[in-house]
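All remarks here apply to the structure that follows.
The values are calculated or read from the model by the stated rules, or taken from the named source; none is laboratory data. This is a predicted model, so every value here is computed, not measured. Note that we place each Cβ from the backbone using ideal geometry, even for glycine, and neighbour counts take in every protein chain shown. Please note that ligands, DNA and RNA were not included when accessible areas were found on the heavy atoms of the full protein model with its side chains. Shrake-Rupley method; radii C 1.70, N 1.55, O 1.52, S 1.80 Å.
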Amino acid sequence: MRYAIANWKMNLPPEGIDPYMRVVCGAQRDHATTVIAPPFPFLRDVAAQAKGVEVAAQNASDHDKGAFTGEVAPAMIRYCGVRYVILGHSERRQLYGEADALIARKIAVAMETGLTPVLCIGEDLRVRDAGQVAVHLSEQVHAVASAVGSGPIVVAYEPIWAIGTGRNASGALCAETAADIRQAIARFWSRSDVPLLYGGSVTPENVEDLVVNGAIDGFLVGGASLDSAKFLAIYNALGRT
Ligand code: PGA
């Protein structure tokens with residue numbers, strides 16, 4: 001299964017949600033699944049308009065209900081007609097202190113609720129410069145693999161140095177790292193059915209190299225996903241191989 005995921009983060013598309021959804025829904029073909037991830041308050045709106053595309057939340061609680069001010073339970077996300085949730089994004093890890101153990105609990109609760117998690121993993125430049133990429137990523141995979149069963153899940157490789165920086169991984173680097181990640185998934189999870197995406201400054205300009213050489217099953221797109229035309233150019237590129 002191939003994916004193009006639009007992570008709006010804490011933004012809305014300048015063209016407006018309704019026109020954006022009309023354009024994106026109208027352009028769907030069957031080479032890849034599109035998933036739109038708006039901020040929480042817009043999940044229901046977007047889900048109501050999501051004809052032929054899926055919707056994701058950008059985060060979820062590791063609890064299913066209770067006294068957790070400001071948190072949103074996976075069951076509440078499901079109730080909005082949403083089937084995916086992005087978890088472990090590096091902005092959650094870095095800015096909000098989410099560690100592997102918490103992310104593993106979130107993934108477990110999300111899966112029990114019937115959401116498909118999109119688990120984000122990735123290294124910073126310090127780790128890459130130290131030659132520790134494979135070890136680091138396999139630890140991130142292991143933390144989740146050891147805590148959850150084998151329901152549907154998607155993994156997104158998102159090198160921190162590439163997110164929002166305009167500096168994407170090349171197709172070759174992506175392929176090399178994707179091989180390490182697939183090896184870790186096979187080793188710790190005994191799975192070979194997990195779609196592996198790339199995220200980090202993907203644009204219509206650099207997508208071709210990533211599609212042809214990146215050895216991945218799709219993209220998690222931030223900045224470029226706010227523009228329906230740019231996002232569709234990335235989605236369409238996935239259909240060309
Ligand atoms: P970017 O974000 O495409 O703006 O680099 C990707 C992401 O954070 O998912």
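Kindly indicate which of Gly151, Gly114 is of a type outside the set (A, V, I, L, M, F, W, C), away from the ligand (no atom under 15 Å from the Cβ) and within 14 Å of Val194 (Cβ to Cβ).
On the way: Gly114 fails: within 14 Å of Val194 (Cβ to Cβ).
Matching residue, one of Gly151, Gly114: Gly151.
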- Task: Among the candidates Leu125, Leu102, single out the residue that is among the hydrophobic types (A, V, I, L, M, F, W, C) and either in contact (Cβ under 8 Å) with a residue 40 or more places away in the chain or away from the ligand (no atom under 16 Å from the Cβ) (or both).
- Result: Leu102
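One line per residue, one yes/no per condition, for (1) open to solvent by 40 Å² or more (accessible area, probe 1.4 Å); (2) outside any helix (DSSP H, G or I); (3) in contact with a His (Cβ under 7 Å, 6 or more places away or on another chain):
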| position | (1), (2), (3) |
| --- | --- |
| Lys106 | no, no, no |
| Arg126 | yes, no, no |
| Gly131 | yes, yes, no |
| Val135 | yes, no, no |
| Ala143 | no, no, no |
| Asn168 | yes, yes, no |
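Rundown of residues vs (1) in a helix (DSSP H, G or I); (2) in contact with a Lys or Arg (Cβ under 6 Å, 6 or more places away or on another chain); (3) more than 28 Å from Ser150 (Cα to Cα), yes/no style:
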position: Ala186; (1), (2), (3): yes, no, no
position: Asp193; (1), (2), (3): no, no, no
position: Ala215; (1), (2), (3): no, no, no
position: Phe219; (1), (2), (3): no, no, no
position: Ala224; (1), (2), (3): yes, yes, yes
position: Ala229; (1), (2), (3): yes, no, yes
position: Leu232; (1), (2), (3): yes, no, yes
position: Leu238; (1), (2), (3): yes, yes, no
- Can we say Arg240 is within 18 Å of Gly88 (Cβ to Cβ), at pLDDT below 95 and surrounded by fewer than 19 Cβ atoms within 10 Å (Cβ to Cβ)? no
- Query: Say we look at region 146-189 and pick out the residues that are more than 16 Å from the chain's Cα centre (by Cα) and of a type in the set (Val, Ile, Thr); which of these is modelled with the lowest pLDDT?
  - Reply: Val148
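Which ones in region 147-164 are in a loop (DSSP other than H, G, I, E, B) and either basic (Lys, Arg) or under 20 Å from Gln132 (Cβ atoms) (or both)? Give the steps one after another, and end with the answer.
Just the residues of region 147-164 that are in a loop (DSSP other than H, G, I, E, B), to begin with: 147-153, 158-159, 163-164.
If the condition is that a residue be in a loop (DSSP other than H, G, I, E, B) and either basic (Lys, Arg) or under 20 Å from Gln132 (Cβ atoms) (or both), then Glu158, Pro159, Ile163 are the ones that fit.
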- Which of the residues spanning region 208-222 are under 12 Å from Ile234 (Cα atoms) and within 14 Å of the ligand (Cβ to nearest atom)? Leu210, Gly218, Phe219, Leu220, Val221, Gly222
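Across region 40-60, what is the number of residues that are under 17 Å from the mean Cα position of the chain (by Cα) and not in a strand (DSSP E or B)? Give the steps one after another, and end with the answer.
To start, the set of residues in region 40-60 that are under 17 Å from the mean Cα position of the chain (by Cα) comprises 40, 43, 53-60.
When the remaining residues are screened for being not in a strand (DSSP E or B), the result is 40, 43, 53, 58-60.
Total satisfying the criteria: 6.
If the requirement is being more than 24 Å from Gly164 (Cβ to Cβ), of a type in the set (D, E, K, R) and open to solvent by less than 30 Å² (accessible area, probe 1.4 Å), which of these qualifies: Asp62, Asp18? Walk me through how you get there before you give the answer.
On the way: Asp18 fails: open to solvent by less than 30 Å² (accessible area, probe 1.4 Å).
Checking each option against the conditions leaves just Asp62.
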- Item | Matching entry among Glu205, Glu176 (being more than 9 Å from the ligand (Cβ to nearest atom), open to solvent by 30 Å² or more (accessible area, probe 1.4 Å), charged (D, E, K, R) and in a loop (DSSP other than H, G, I, E, B)) | Glu205
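Ile185: within 16 Å of the ligand (Cβ to nearest atom), crowded, with 16+ Cβ neighbours inside 10 Å and of a type in the set (A, V, I, L, M, F, W, C), yes or no?
Details: within 16 Å of the ligand (Cβ to nearest atom): no; crowded, with 16+ Cβ neighbours inside 10 Å: yes; of a type in the set (A, V, I, L, M, F, W, C): yes.
Criteria not met by Ile185.
Output the residues belonging to region 79-99 that are more than 16 Å from the ligand (Cβ to nearest atom) and touching a Leu at 6+ places or on another chain (Cβ under 6 Å).
Going residue by residue through region 79-99, those that are more than 16 Å from the ligand (Cβ to nearest atom) are 79-83, 97, 99.
Scanning region 79-99 gives Cys80, Val82.
Given Met76, Met10, which one is in a loop (DSSP other than H, G, I, E, B) and either out of contact with any Lys or Arg (no Cβ under 6 Å at 6 or more places or on another chain) or open to solvent by 20 Å² or more (accessible area, probe 1.4 Å) (or both)? Give the derivation first.
Numbers: Met76 fails: in a loop (DSSP other than H, G, I, E, B).
None of the others qualify; the one that does is Met10.
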